[in-house]
């Protein structure tokens, strides 16, 4: 039996991005091993990570916990590297698919001396740090990624800007895959539940903005809170779905602006599709995104977008067509964007939403899953 190893730095990347990939590998006759950090799982709760571990085991996938640290210079990663090297050396893998910056670096370095000669290496870049207009410090990753691409058989990118940069490496095969796949039908066809806002503690009468994503600096929830403060409209509310280390900081900012009754921290949720159906705007002001799964899901649900103008977001966010977009730190711009959508005629909002439903089809899971199946088969 052929053997495949999948490596990510956190378990959330397996649960949220790679279950279809694992199924594809199994369809192609691979025995699949998954190595990731199940104990510090990223953007999913520890309980869900433990359930994921058990579910993988029950489906004849071999789960292995490695204590990766998302900080690339953490001492933990030296130990993780040694463990990974041992797994690769003993695993006799035919295919290795690695993802995430830390997972991608450690796996390709460990594979150089540990893998058998015929092993194929795939690396999926979920967003290069060295995008157009990125801070100068981010470009330190450019020579690293270029060097490591020499130890890569196939480099997968999920946005057009990264695809062109990877092609310019001129070191390995490069493929563009439109994201990790969205169940567009699920988000489009979910029924409106008039009790959902009541369940969330949000009045039905207010204009609701929603963001989904880890509470960190990159997701940039702060700019929407700042924009709301500038607008000073008590009937505009903001719901933030996700967990992360900046929750207390964002909550303190909200309190300092007197917005505690208008900003709702909903934590990790499994009913995002239902929440979208009670929402007026989806806000996605990230400083950097490979693509942005949550925003594409919101488009599939028929929501207007309010986004930043950075990186992979530009593959789908078009000013005046899908909604509005601004520089990540443009508080005035985001406040104006909120106000435009707040005051826009309902028929115009509906038109934007329907356009977004159509545009989201490019990123549908069936298209992505077939593309990944073909990639694995050809390796």
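The values are calculated or read from the model by the stated rules, or taken from the named source; none is laboratory data. Since the model is a prediction, treat every value here as computed from it, not as a measurement. Ideal geometry is used to build each Cβ from the backbone, glycine not excepted, and the neighbour counts take in all protein chains shown.
Within segment 308-316, is even one residue buried (at least 17 other Cβ atoms within 10 Å of the Cβ), assigned by TED's automatic domain parsing to the domain that holds residue 232, farther than 23 Å from residue 129 by Cα and at pLDDT 95 or above?
The answer is no, given that none of the residues of segment 308-316 is buried (at least 17 other Cβ atoms within 10 Å of the Cβ), assigned by TED's automatic domain parsing to the domain that holds residue 232, farther than 23 Å from residue 129 by Cα and at pLDDT 95 or above.
Here are the criteria: (1) in contact with a helix residue (DSSP H, G or I) (Cβ under 8 Å, 6 or more places away or on another chain); (2) surrounded by fewer than 20 Cβ atoms within 10 Å (Cβ to Cβ); (3) without any contact (Cβ under 8 Å) to a residue 60 or more places away in the chain. Tell me which single one residue 329 does not satisfy.
(3)
So, residue 25, is that one part of a strand (DSSP E or B), at pLDDT 95 or above, under 22 Å from the mean Cα position of the chain (by Cα) and closer than 20 Å to residue 96 by Cα or not? Give the derivation first.
Working: part of a strand (DSSP E or B): no; at pLDDT 95 or above: yes; under 22 Å from the mean Cα position of the chain (by Cα): yes; closer than 20 Å to residue 96 by Cα: yes.
For residue 25, the condition - part of a strand (DSSP E or B), at pLDDT 95 or above, under 22 Å from the mean Cα position of the chain (by Cα) and closer than 20 Å to residue 96 by Cα - is not met.
Quick one: which residue in 152, 184 is closer than 24 Å to residue 44 by Cβ, under 25 Å from the mean Cα position of the chain (by Cα) and modelled with pLDDT of 95 or more? Spell out how you get there, then give the answer.
Details: 152 fails: closer than 24 Å to residue 44 by Cβ.
Of 152, 184, the one residue that is closer than 24 Å to residue 44 by Cβ, under 25 Å from the mean Cα position of the chain (by Cα) and modelled with pLDDT of 95 or more is 184.
Quick check: anything in segment 225-242 in contact (Cβ under 8 Å) with a residue 40 or more places away in the chain, loosely packed, with under 15 Cβ neighbours inside 10 Å, out of contact with any helix residue (DSSP H, G or I) (no Cβ under 7 Å at 6 or more places or on another chain) and not assigned by TED's automatic domain parsing to the domain that holds residue 18?
no
Of everything in segment 108-134, what is without any contact (Cβ under 8 Å) to a residue 40 or more places away in the chain, surrounded by fewer than 18 Cβ atoms within 10 Å (Cβ to Cβ) and either within 28 Å of the chain's Cα centre (by Cα) or outside the structural domain of residue 152 (by TED's automatic domain parsing) (or both)? Give them in sequence order.
Those that are without any contact (Cβ under 8 Å) to a residue 40 or more places away in the chain, surrounded by fewer than 18 Cβ atoms within 10 Å (Cβ to Cβ) and either within 28 Å of the chain's Cα centre (by Cα) or outside the structural domain of residue 152 (by TED's automatic domain parsing) (or both): none in segment 108-134.
For segment 362-377, name all the residues that are in contact with a strand residue (DSSP E or B) (Cβ under 9 Å, 6 or more places away or on another chain) and part of a helix (DSSP H, G or I).
The first filter runs over segment 362-377 and keeps only residues in contact with a strand residue (DSSP E or B) (Cβ under 9 Å, 6 or more places away or on another chain), leaving 363-365, 368, 371-372, 375-376.
Across segment 362-377, the qualifying residues are 363, 365, 368, 371, 372, 375, 376.
For residue 312, are the conditions met, namely being touching a residue at least 60 places away in the same chain (Cβ under 8 Å) and in a loop (DSSP other than H, G, I, E, B)?
No: the conditions fail for residue 312.
Among the residues of segment 84-94, what is the count of those that are in a helix (DSSP H, G or I) and either outside the structural domain of residue 30 (by TED's automatic domain parsing) or crowded, with 18+ Cβ neighbours inside 10 Å (or both)?
Result for segment 84-94: 5.
Only one of 50, 58, 137, 79 is modelled with pLDDT under 95 and surrounded by fewer than 15 Cβ atoms within 10 Å (Cβ to Cβ). Can you tell me which?
One residue alone meets the criteria, 137.
Please specify each residue of segment 144-162 satisfying the condition of being over 12 Å from residue 176 (Cβ atoms), touching a residue at least 40 places away in the same chain (Cβ under 8 Å) and not in a helix (DSSP H, G or I).
Across segment 144-162, the qualifying residues are 151, 152, 153.
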